[in-house]
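Reviewing the structure listed below.
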Amino acid sequence: MTVESPQIALSGLLPERIAELIPSQPPFRGMQIFKWIASGAQSLDQMTDIPLSLRHSLAEKTTLFSSSVSRILEDTDGTTKLQIDLGDGLMIETVLLFDGEGRKTACLSSQAGCAMGCTFCKTGSLGFARNLSAAEIVEQFLYLEQRAGKLQNIVFMGMGEPLLNLEEVRNAVCIFSHKKGRALSLRRITLSTCGIIDGIYDLADRGPAVRLAVSLTTADPDLREELMPIARSQSLEKLAKAIQYYSDKTGHRCTLEAALLKGVNTGKKSAHNLINFARRLPVHINLIPWNKAEGLPYQTPSAEEIASFYRQLKGAGLNVTIRTKRGSNIAGACGQLGKTQSE
């Protein structure tokens, strides 16, 4: 259950809702405030075209942000991780990533902790605390933009399972994509799920039509159940049908993500199972060499192990890439969030 801030956080509201908070004002005031937040305003005082009396009134019953940045960690590869204090004793993390061409991506969290319990993920070892509000999701993006300027992409690949907090994620995406705000194209927003089948259908039917990534890890049913407890109730056959449905409904090719674990899911059998699963679907496969996380019983595969697995998939005609490792020195890489390493 989401814990509400004592004051309403304006960062999580669309213009119409902001306008409802100030019924004595003309409706365009809601849009003005919304634009100021989207453009990076860090206080009501910076909203110079808003009457001073209104700013004072808003300050009494609202807050611009419901959270605050408590720590900033920077890796030598340019990756930046922010630890964010939610104000109720909980902490989340969000990450700024740079690709080889300098494009900037916000990796956002949707929950504090995670209930999925994937055995190779540090966040999954923390347990679940609560869902984040739309404001807490939006604020991660705004804090990253305060540090790095305009960002080009968003991936919901941080802490938590976004399809188990879909309504708040939807609200946040509406704010990100609003034409009078940041106006991010839905094609620049990716949601990653461990395979919540009902959620995939819900997202396909009710939107928003963001890009979908599915953390598959392995197409061996027994091994997947061992590594990802959610697989015990979400069969591979039903997951494949949901992926196909999403692609048909949105016109987007989905991504299958596979965290490669040394000696666990990188052999010929694993490659064969993944090929059989993926070859019938409109997907791209993203291989993610496991990032070391303290306390978890896995190792990163060798370069040859990764290359061999890649060659088998590529040789079967699949569209496949190997993800470049970024942010591992600050525990900001895939599967590491929730545990801070020294700078």
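The values are calculated or read from the model by the stated rules, or taken from the named source; none is laboratory data. In this text the structure is predicted, and so the values were computed from the model without any measurement. FYI the Cβ positions are ideal-geometry reconstructions off the backbone, even for glycines, and counts take in every protein chain you see.
What the table shows:
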| read-out | value |
| --- | --- |
| Only one of A240, A204, A183 that is surrounded by fewer than 23 Cβ atoms within 10 Å (Cβ to Cβ) and at positive phi | A183 |
| Residue match in the stretch 241-251 (condition: modelled with pLDDT of 95 or more, within 13 Å of T217 (Cα to Cα), touching a helix residue (DSSP H, G or I) at 6+ places or on another chain (Cβ under 7 Å) and of a type in the set (A, V, I, L, M)) | no |
| Residue match in the stretch 94-108 (condition: of a type outside the set (A, V, I, L, M, F, W, C), more than 28 Å from M228 (Cα to Cα) and surrounded by 14 or more Cβ atoms within 10 Å (Cβ to Cβ)) | yes |
| Qualifying residue in the stretch 298-309 (condition: in the same structural domain as E93 (by TED's automatic domain parsing), more than 17 Å from G267 (Cβ to Cβ) and either modelled with pLDDT under 95 or outside any loop (DSSP other than H, G, I, E, B) (or both)) | no |
| M157 of a type in the set (A, V, I, L, M), under 15 Å from the mean Cα position of the chain (by Cα) and under 25 Å from R130 (Cα atoms) | yes |
| Of the criteria (1) assigned to a loop (DSSP other than H, G, I, E, B); (2) under 22 Å from A259 (Cα atoms), which one K150 fails | (2) |
| Filtered residues of the stretch 281-320 (kept if under 30 Å from D248 (Cβ atoms) and touching a Ser or Thr at 6+ places or on another chain (Cβ under 6 Å)) | P282, H284, N286, F309 |
| Unmet requirement for L142, which otherwise passes all of (1) outside any helix (DSSP H, G or I); (2) over 30 Å from L261 (Cα atoms); (3) of a type in the set (A, V, I, L, M) | (1) |
| In the stretch 14-53, the residues that are free of Cβ contacts under 8 Å to residues at least 60 places away in the same chain, of a type in the set (A, V, I, L, M, F, W, C) and surrounded by 13 or more Cβ atoms within 10 Å (Cβ to Cβ) | I18, A19, L21, I22, I33, W36, A41, L44, M47, I50 |
| The stretch 55-86, subset more than 21 Å from the chain's Cα centre (by Cα) and part of a loop (DSSP other than H, G, I, E, B), residue nearest to F128 (Cα to Cα) | L64 |
| Test set (1) outside the structural domain of V155 (by TED's automatic domain parsing); (2) closer than 30 Å to V214 by Cβ; (3) among the acidic types (D, E) - D49 fails condition number | (2) |
| Flag if I275 is at pLDDT 95 or above and surrounded by 20 or more Cβ atoms within 10 Å (Cβ to Cβ) | no |
| Check on I154, among the aliphatic types (A, V, I, L, M) and either surrounded by fewer than 24 Cβ atoms within 10 Å (Cβ to Cβ) or within 30 Å of R232 (Cβ to Cβ) (or both) | no |
| Residue within the stretch 320-332 that is at pLDDT 95 or above, assigned by TED's automatic domain parsing to the domain that holds V155, assigned to a loop (DSSP other than H, G, I, E, B) and surrounded by fewer than 16 Cβ atoms within 10 Å (Cβ to Cβ) present | no |
| Criterion (in contact (Cβ under 8 Å) with a residue 12 or more places away in the chain, basic (K, R) and surrounded by 21 or more Cβ atoms within 10 Å (Cβ to Cβ)) met by exactly one of K61, K81 | K81 |
| Given (1) outside the structural domain of V155 (by TED's automatic domain parsing); (2) in contact (Cβ under 8 Å) with a residue 12 or more places away in the chain; (3) in contact with a Leu (Cβ under 8 Å, 6 or more places away or on another chain), number of the condition I137 does not satisfy | (1) |
| Residue within the stretch 118-129 that is basic (K, R) and in a loop (DSSP other than H, G, I, E, B) present | yes |
| Evaluation of I22 against (1) modelled with pLDDT of 95 or more; (2) under 21 Å from the mean Cα position of the chain (by Cα); (3) not small (G, A, S) (one fails), failing number | (2) |
| Candidate set: the stretch 7-54, residues that are part of a helix (DSSP H, G or I) and in contact with an Asp or Glu (Cβ under 7 Å, 6 or more places away or on another chain); chosen: the one nearest to R170 (Cα to Cα) | S11 |
| The stretch 111-140: number of residues that are within 24 Å of C174 (Cβ to Cβ), out of contact with any helix residue (DSSP H, G or I) (no Cβ under 7 Å at 6 or more places or on another chain) and buried (at least 23 other Cβ atoms within 10 Å of the Cβ) | 3 |
